[in-house]
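The values are calculated or read from the model by the stated rules, or taken from the named source; none is laboratory data. All values reported here derive from a predicted model rather than from experimental measurement. Positions of Cβ are backbone-derived with ideal geometry, glycine not excepted, and every protein chain shown enters the neighbour counts. Heads up: the accessible areas ignore ligands, DNA and RNA and are worked out on the full protein's heavy atoms, side chains in. Shrake-Rupley method; radii C 1.70, N 1.55, O 1.52, S 1.80 Å.
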Amino acid sequence: MAKLSELVDKIDAEAKEGNRQKALLMLGKLLEKVPDNKQLLSRKAKYEKELGFEKRITALEEKYASSN
């Protein structure tokens, strides 16, 4: 099994590339194996917040781009 730090690096790389949904899925699987890890939980909250912002921005872009 890979080291925890290597898995976290892979998750961070996915999020950095803009694949926050995939990063959240990976974090969810990792949290099943390492529950109550404060660092992983804070990362999950951060990526959920970023994904929410991303979805809201996309929705606004679609809404106002169609009215031009």
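Per DSSP H run of n ≥ 4, the term is -39500 (n - 2.57); total these for the chain, divide by its residue number, and report the mean residue ellipticity at 222 nm rounded to 500 deg cm²/dmol.
After summing the helix terms and dividing by the residues of the chain, the value is -28000 deg cm²/dmol.
Among 10-16, 38-44, how do they line up from the highest to the lowest mean number of other beta-carbon atoms within 10 Å?
In decreasing order of mean packing, 10-16, 38-44 become 10-16, 38-44.
For the chain, which whole-number percentage of the solvent-accessible area (1.4 Å probe, protein heavy atoms only) is attributable to carbon and sulfur atoms?
Its accessible area is 54 percent carbon and sulfur atoms.
Return P(r) of the chain (all Cα-Cα pairs; 10 Å bins starting at 0; whole %; ordered from short to long distances).
For the chain, the pair-distance distribution reads 20, 45, 19, 11, 4, 0.
Skip the ligands, DNA and RNA, and give the accessible area per residue of the chain with a 1.4 Å probe, whole Å².
Accessible area per residue, the chain: 79 Å².
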